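A.B. asks: Submitted below is the structure of interest, expressed as structure tokens.
The values are calculated or read from the model by the stated rules, or taken from the named source; none is laboratory data. Worth saying up front: this structure is predicted, and the values here are computed from it rather than measured. Every residue, glycine as well, gets a Cβ built from its backbone with ideal geometry; the counts of neighbours run over all protein chains shown. These accessible areas exclude ligands, DNA and RNA; they are computed on the full protein's heavy atoms, side chains included. Shrake-Rupley method; radii C 1.70, N 1.55, O 1.52, S 1.80 Å.
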Amino acid sequence: MLSQPDRRTPVVLLAGFQGPAADGMDHFARLLGSTPGTVVVRHDLSSLPEGVVRRRVHLDGRETASVHELAHGCVSCTLRADLLPLLCRLAARDSVHRIVIALDPAFEAEAVCHAIGNVPVVDLVGRVDGPAARDVRIEAVVTGLDARSWLPDALSDETIDERAGGPGDDDRTVAQLAVGQVEFADALVVFGTDQVGDGERDVLRSVVDRLVPRAPSIWVGDGRDIAAARIEMLLDRIPADSRRGRIFDAHAPLLRGRPPLTEERGVALIEFATDRPFHPTRLHEAMDVLFDGVVTARGRIWLATQPERVVWLESAGGGVRVGDAGTWLAAMSPAERESVDPDRRALAALRWDEHFGDRDISMVILTCGADPDDIRTALHWALLDEAEMILLRNAPDLVAHWADPFGEFHEDPYETTESDNSGGRGVESRPNER
């Protein structure tokens, strides 16, 4: 049976492009916008102190500008309230063949893609209420990064507010933003490569190859010599099964795209998997090894004190997020289990334990300078020992009363909250304060 062609209007998101790469964003967007039928949408946050967001729309050589007041004092709410209906209206025009969204550097493309796919657009004349994804599809997320600053940012423990030089309500770290923007990319444009040495460039390439192994890239100087044809070729090189805005849940495979698993230039990708839980207090103490010389760590955590809940841990540089990622299959009723994704059930069946079911720990850690053996040793030390495992099997109620520093971090790491002004996930974020 032949599949029906996807007639939705394709959307290209431009993300990142911070600091010196910001000029590259403008040039990149202009080149994409030079293609007939391509509309470029950009929101300017420079007037936030005045309580407004400015929006520019460029199509066929003409540009229109509008000003929008902050909705509920929230940048993300304002963006969604303006952008999502705009996407639907643009998609309805026969003259629009592609939409380019040039995101402000403070926004994460993942949050925007989540909104496009899930937030209903209501009260548009002639359109049935529903998400913008009924009218548009994510063709690509292209992230720009600066070869001079991205890796130091990815290893930083500085918060975004500290970087901005003043108080604010964005408690993400610079590393969380830098790593998240690259990790979500389908393609990369690396600027400033003529300003770094061969060694720095090789280390950066090793990190990127493990973070987004299948993403095609362009490595340039200031970017002004990029031709429109080269950009289109970059988009054409994105694999057909690339992410393209998809949001993976906590139970999706952690290693995607077959990244290199060998250590190279001090960069390594570590897999840590075990069928016994962490002692919460020891894990909290051991987490220091995830902050220095580690680009990112993420994974599903089994805490001995939380036998029903899957805990999601995600770090970047000196920041960590810990949240609730749902229920273990072993803690579900048979009816609840039937509603779970079949792939998750099939994988769980292969390693099912008669006492603990599908509970396990699975983490992936990307290092740049840290000693992989030190990380493995610290995480193994945080696991329950044999005597504690016997206690867990025979007296789980006693174990449930152990001190648990993670008990307060029970938020869904894949839910974007209405109060989040950063455009990021609504999860607990904190810099390394130790």
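A.B. asks: For the chain, which cysteines have no second Cys with its Cβ under 4.7 Å from theirs?
C.D. replies: So, C88, C113, C368.
A.B. asks: Once you have the Cα-Cα distance between D275 and A252, take 0.36 nm times their residue separation minus that, and quote the gain in nm to one decimal.
C.D. replies: Numbers: separation 23, 0.36 × 23 = 8.28 nm, distance 1.78 nm.
Extending this stretch completely gives an extra 6.5 nm.
A.B. asks: Considering the dipole of the chain built from charges on the beta carbon (Lys and Arg +1, Asp and Glu -1) around the Cα centre, which of I375, L254, A228 is farthest to its positive end?
C.D. replies: About the Cα centre, the residue reaching furthest to the positive side is A228.
A.B. asks: Got the relative contact order for segment 1-107 handy, in percent, Cα pairs under 8 Å and 6 or more residues apart? Before the final figure, lay out the partial values.
C.D. replies: On the way: 160 pairs, mean separation 41.3, N = 107.
Worked out over segment 1-107, it gives 39 percent.
A.B. asks: If you keep only loop residues by DSSP, which trypsin sites (Lys or Arg not before Pro) in segment 55-115 have at most 12 other Cβ atoms within 10 Å of their Cβ? Can you show the working numbers first?
C.D. replies: Values: sites: R55, R56, R62, R80, R89, R93, R98; in loops: R93.
Sites meeting the loop and neighbour criteria: R93.
A.B. asks: Suppose every Lys and Arg Cβ carries +1 and every Asp and Glu Cβ carries -1, with no other charges. What dipole size does the chain come out with about its Cα centre, to the nearest 20 debye? Mind showing how you got there, number by number?
C.D. replies: Numbers: 47 positive and 73 negative charges, 364 e Å.
Here the chain has a charge dipole of around 1740 debye.
A.B. asks: Which loop GluC sites (Glu not before Pro) in segment 338-391, with loop taken from DSSP, have no more than 16 other Cβ atoms within 10 angstrom of their Cβ? List each step's numbers first, then the result.
C.D. replies: Details: sites: E338, E354, E386, E388; in loops: E354.
Answer by residue number: E354.
A.B. asks: Just going by the charge dipole of the chain, with Lys and Arg at +1 and Asp and Glu at -1 on Cβ, which of A325, P10, Q195 is farthest out on the positive end?
C.D. replies: P10
A.B. asks: Once neighbouring chains are kept in place and the probe is 1.4 Å, which whole percent of the accessible area of segment 238-313 is contributed by carbon and sulfur? Mind showing how you got there, number by number?
C.D. replies: On the way: 1500 of 3160 Å².
Here carbon and sulfur together make up 47 percent of the probe-accessible area.
A.B. asks: Still on this model: If you roll a 1.4 Å probe over segment 47-104 with all protein chains in place, what percent of the accessible area is carbon or sulfur?
C.D. replies: Working: 1410 of 2840 Å².
The computed percentage sits at 50.
A.B. asks: Then there's this: A65 to V52: extension gain in nm, 0.36 nm per residue of separation minus the Cα-Cα distance? Walk me through the intermediate numbers first.
C.D. replies: Details: separation 13, 0.36 × 13 = 4.68 nm, distance 1.28 nm.
Stretched fully, the A65-V52 segment lengthens by 3.4 nm.
A.B. asks: Given a 1.4 angstrom probe, what's the average accessible area per residue across segment 282-358, in square angstrom? It would help to have the intermediate numbers written out before the result.
C.D. replies: Working: 3130 Å² over 77 residues.
Averaged over the residues of segment 282-358, the accessible area is 41 Å².
A.B. asks: I've got another one for you. Tell me the mean residue ellipticity at 222 nm calculated for the chain from its helices only (DSSP H runs of n ≥ 4, each -39500 (n - 2.57), averaged over every residue, nearest 500). Spell out each step's value before the answer.
C.D. replies: On the way: 14 runs with 126 residues, N = 434.
Dividing the helical sum by the residues of the chain leaves -8000 deg cm²/dmol.
A.B. asks: Between L45 and W219, what is the label-to-label distance in nm when each label sits 7 Å out along the Cα-to-Cβ direction?
C.D. replies: Here the modelled spin labels are 3.0 nm apart.
A.B. asks: Work out from phi, with θ = phi - 60° and the Karplus expression 6.51 cos²θ - 1.76 cosθ + 1.60, the ³J(HN,Hα) of each residue of segment 226-238, listed in order in whole Hz, and give x for Gly and Pro.
C.D. replies: Ordered by residue, 3J(HN,Hα) equals 6, 9, 4, 4, 5, 5, 5, 5, 4, 5, 5, 7, 5 Hz.
A.B. asks: Please report, to two decimal places, log10 I(q)/I(0) for segment 299-341 at q = 0.23 Å⁻¹ as given by the Debye formula with identical point scatterers on the Cα atoms and no solvent.
C.D. replies: -0.79
A.B. asks: So what is the orientation-averaged projected area of segment 73-118, using the convex hull of its C-alpha atoms, in nm²? Numbers along the way, then the final one.
C.D. replies: Details: hull surface 14.3 nm².
Mean projected area of the Cα convex hull: 3.6 nm².
A.B. asks: Give me the Å³ per residue figure for the convex hull around the C-alpha atoms of segment 1-153. Walk me through the numbers before you get to the answer.
C.D. replies: Working: hull volume 22.7 nm³, N = 153.
Cα convex hull per residue, to the nearest whole number: 148 Å³.
A.B. asks: GNM on the chain, C-alpha springs below 10 Å: top fluctuator among H284, H355, H27?
C.D. replies: H355
A.B. asks: With the other protein chains left in place, how much accessible area per residue, in square angstrom, belongs to segment 52-202 at a 1.4 angstrom probe? Walk me through the numbers before you get to the answer.
C.D. replies: Working: 6310 Å² over 151 residues.
Per residue, segment 52-202 has 42 Å² of solvent-accessible surface.
A.B. asks: For segment 28-99, what is the convex hull volume of the alpha-carbon atoms per residue, in Å³? Mind showing how you got there, number by number?
C.D. replies: Working: hull volume 5.9 nm³, N = 72.
Cα convex hull per residue, to the nearest whole number: 83 Å³.
A.B. asks: Between R7 and D288, what is the FRET efficiency for a Förster distance of 51 Å, r being their Cβ-Cβ separation, to the nearest 0.05?
C.D. replies: Values: r = 52 Å, r/R0 = 1.02.
The pair R7/D288 has a calculated efficiency of 0.45.
A.B. asks: Of the chain, which part is the longest with no chymotrypsin sites (Phe, Trp or Tyr not before Pro) in a loop (DSSP not H, G, I, E, B) and with at most 16 other C-beta atoms within 10 angstrom? Write down the numbers at each step before the final one.
C.D. replies: Details: sites that count: F248, W352, W402.
That gives 1-247 as the longest site-free run.
A.B. asks: E336: net charge of surrounding residues, Cβ under 12 Å, Lys/Arg +1, Asp/Glu -1, itself excluded? Write down the numbers at each step before the final one.
C.D. replies: On the way: positive: R337, R345; negative: E308, E338.
Net local charge, E336 excluded: 0.
A.B. asks: Over the Cα atoms of segment 319-363, what is the Rg over Rh ratio if Rh follows Kirkwood?
C.D. replies: Checking Rg against Rh, the ratio lands at 1.01.
A.B. asks: Kindly give the semi-axes, whole Å and largest first, of the ellipsoid equivalent to the chain, taking each as the square root of 5 times a Cα gyration tensor eigenvalue.
C.D. replies: Working: eigenvalues 293, 131, 88 Å².
Sorted largest first and rounded, they come to 38, 26, 21 Å.
A.B. asks: Report, in whole Å, the centroid distance computed from the Cα atoms of segment 174-234 and segment 239-316.
C.D. replies: Each part reduced to its Cα centre gives a spacing of 23 Å.
A.B. asks: Report, in whole Å, the centroid distance computed from the Cα atoms of segment 132-162 and segment 53-125.
C.D. replies: Centre-to-centre (Cα) distance: 18 Å.
A.B. asks: Run the numbers for D385 and D202: contour at 0.36 nm per residue of separation, minus the present Cα-Cα distance, in nm. Walk me through the numbers before you get to the answer.
C.D. replies: Values: separation 183, 0.36 × 183 = 65.88 nm, distance 4.08 nm.
Gain in length upon complete extension: 61.8 nm.
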